[in-house]
1. Using R₀ = 51 Å, calculate the FRET efficiency as 1/(1 + (r/R₀)^6) where r is the Cβ-Cβ separation of ARG48 and GLU198; round to 0.05.
2. Gain in length, ARG73 to THR16, computed as 0.36 nm per residue apart minus the alpha-carbon separation, to one decimal in nm?
3. With the calculation restricted to Cα positions, what are the radius of gyration and Dmax of the range 186-251 in angstrom?
4. So what does THR181 come to for accessible area, using a 1.4 Å probe and Å² rounded to 10?
5. So how exposed is MET55, as accessible area in Å² (1.4 Å probe, rounded to 10)?
6. For a label point 7 angstrom out from the Cα of GLN286 toward its Cβ, which stretches of the range 239-257 have the backbone nitrogen within less than 20 Å?
7. Going through the range 58-117, which trypsin sites (Lys or Arg not before Pro) have at most 15 other Cβ atoms within 10 Å and a DSSP loop state?
8. What are the DSSP H helices in the chain that stretch 30 Å or more along their long axis, judged by alpha-carbon atoms, and whose average Kyte-Doolittle hydropathy comes to at least 1.0?
Amino acid sequence: MGIDLGGTTVKFAILTKDGEIQQKWSIQTNILDEGAHIVPDIVESINRHLHLYNMSAEDFLGIGMGTPGSVDRNKGTVVGAYNLNWKTTQPVKEQIEKGTGITFTLDNDANVAALGERWQGAGDNASDVVFITLGTGVGGGIVMENELLHGAAGCAGEIGHITVDPNGFECTCGKKGCLETVASATGIVRVARQLSEEYAGPSTLKQRLDDGEELTSKDIFELAEAEDPFALMVVDHICFYLGLACGNIGNLLNPSALILGGGVSAAGELLRSKVSNYFKQFTFPQVTESTQIKLAQLGNDAGIIGAASLALKLER
Ligand SMILES: [Zn+2]
């Protein structure tokens, strides 16, 4: 079973060992009372659905879950998941195993999405894959030689904090010019606003910004798709930053694929091809030839599928 725990919904899926989704459902995340209802709600929902599907704990290899916050994988605890109102350490593994009788394991949400795309999506189940999620923030996960990288403090794959402009915008992490400040959904709009101050030519995007309209990154990509000259300039800037970050990742890790996912990646081939062009500019020949920039394929299912793949490891 795979669980994708988010700030608004908890998604669940029951999968075969080959990664095929058999059942899928979701519940709302109740973050009231410092998130005290979240784990009991998950346990209740699992037990109710097992009953519904006429299944029991013995039918499962295990449960894997992706969660926001800092994860202690050995203890099975989570701390600092602020969008869940979890400020103190939560003994998630202990509570879920006790409540369901099924072995449980967890990892952070970006890592889990990386596992999902690598296993059943754009990664073609290759041994070396990097996943970048472009949404309200920018995150990532790195699979090298078939294993997720975690690092000394569990921070490996924090691609959003790669510096792409040392004099750039301030980031929530306290430093300047992180990829997240320019390539997240809000970052893209921020770049558009900054560039619009200097742009003089005709442009619908420029006009709408000057009129004080609330624009989204989706609007900007749509206008670029319609060949608005200023929107194209903004998109080119964003893709330069992404291509620079991807180039550095490529030179360092040489994965077979760098996969772009998250809401912003809905921009599709326009985004992919431009990032790929800059990527080629910033990588050395062997990497340019062997590392591909790809678009994610699983959308919202990457999390539950990757989470379930964590449970396969419990079998060993
Ligand atoms: Zn940062």
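1. Working: r = 58 Å, r/R0 = 1.13.
It comes out at approximately 0.35.
2. 18.2 nm
3. 12.4, 43
4. 10 Å²
5. Rounded to the nearest 10, that gives 60 Å².
6. 246-257
7. LYS75, LYS87
8. Both cut-offs are met by 229-253.
The values are calculated or read from the model by the stated rules, or taken from the named source; none is laboratory data. All figures in this text were calculated on a predicted structure; none of them were measured in a lab. Cβ sites come from the backbone with ideal geometry, for glycine too, and all protein chains shown count toward neighbours. Ligands, DNA and RNA are excluded from the accessible area calculation, which covers all protein heavy atoms including side chains. Shrake-Rupley method; radii C 1.70, N 1.55, O 1.52, S 1.80 Å.
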